[in-house]
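Below you'll find the structure, written out as structure tokens, and then a few comments.
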Amino acid sequence: MNEKVGKKNAKLARILLLVAISMFGFGYALVPIYDVLCEWKWIERDRPDDIKKVPESAYIVDTNREITVEFITTLNESTPMVFWAEKKQLKVHPGKYYTVNFYAENKTDNDMLARAIASFSPALTSSYFEKIECFCFSEQTFKARELKTLPMRFVINPKLPEQYKTITLSYTFFNNTEKSLKK
């Protein structure tokens, strides 16, 4: 009986060792899997802003629909700026073009390079939110203590599904001065 228990324990130990090695291998493989999935999601749904830049074209304005666009501005913790939108929210009609100004100020005595990254909620709405002009299309240069007006011109494609009544557009500014100097 002791021999049977010993064999069962040895078999259990091998199985547990295999499970531990498999878990480690899976954890190690998650990084490239995550990179592939994020790249796919970014291309399909949340493409970079410079890819999403579209020319201004004529849409039929849907005056029967009103969508609330909320604007949220944030700064990466290492970005010494002040950043805000002229409006916290705007009621818009799909197909009509709007321009909203954002303001950013460098609070340092040094020149700075910064980049704004947009994100949408719900994420699906990013495919229908078309930016014609946006400060997020390129890196911004700020002189010491400079305040800039940053316009963003957009339209919501009238094909946006009816269920979406509110779109939240959030911009986060990142200080890229150090990264740009290393290039």
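Out of everything in the range 108-139 that is part of a strand (DSSP E or B) and either outside the structural domain of Phe174 (by TED's automatic domain parsing) or of a type in the set (Phe, Trp, Tyr) (or both), what residue ends up being farthest from Arg153 (Cα to Cα)?
Here the residue is Phe120.
I'd like the residue in the range 83-107 that is among the β-branched types (Val, Ile, Thr) and surrounded by 14 or more Cβ atoms within 10 Å (Cβ to Cβ) and, out of all such residues, is nearest to Ser126 (Cα to Cα). Steps first, please.
Of all residues in the range 83-107, those among the β-branched types (Val, Ile, Thr) come to 92, 99-100.
Narrowing further to those that are surrounded by 14 or more Cβ atoms within 10 Å (Cβ to Cβ): 92, 100.
On the way: Val92: 15, Val100: 17 Å.
Filtering first and then ranking leaves Val92.
Just need a number here: residues in the range 161-183 that are part of a loop (DSSP other than H, G, I, E, B) and either of a type outside the set (Lys, Arg) or surrounded by 14 or more Cβ atoms within 10 Å (Cβ to Cβ) (or both).
Residues flagged as part of a loop (DSSP other than H, G, I, E, B) and either of a type outside the set (Lys, Arg) or surrounded by 14 or more Cβ atoms within 10 Å (Cβ to Cβ) (or both) within the range 161-183 amount to 5.
Hey, can you tell me all the residues within the range 57-82 that are closer than 18 Å to Glu133 by Cα, surrounded by 12 or more Cβ atoms within 10 Å (Cβ to Cβ) and over 22 Å from the mean Cα position of the chain (by Cα)?
Tyr59
Please determine whether any residue of the range 140-160 is out of contact with any helix residue (DSSP H, G or I) (no Cβ under 9 Å at 6 or more places or on another chain), more than 20 Å from Ile72 (Cα to Cα) and either surrounded by 18 or more Cβ atoms within 10 Å (Cβ to Cβ) or not assigned by TED's automatic domain parsing to the domain that holds Ala58 (or both).
Yes, the range 140-160 has at least one match.
The values are calculated or read from the model by the stated rules, or taken from the named source; none is laboratory data. If you're wondering where the values come from, they're calculated on a predicted model, not measured in any experiment. Cβ sites come from the backbone with ideal geometry, for glycine too, and all protein chains shown count toward neighbours.
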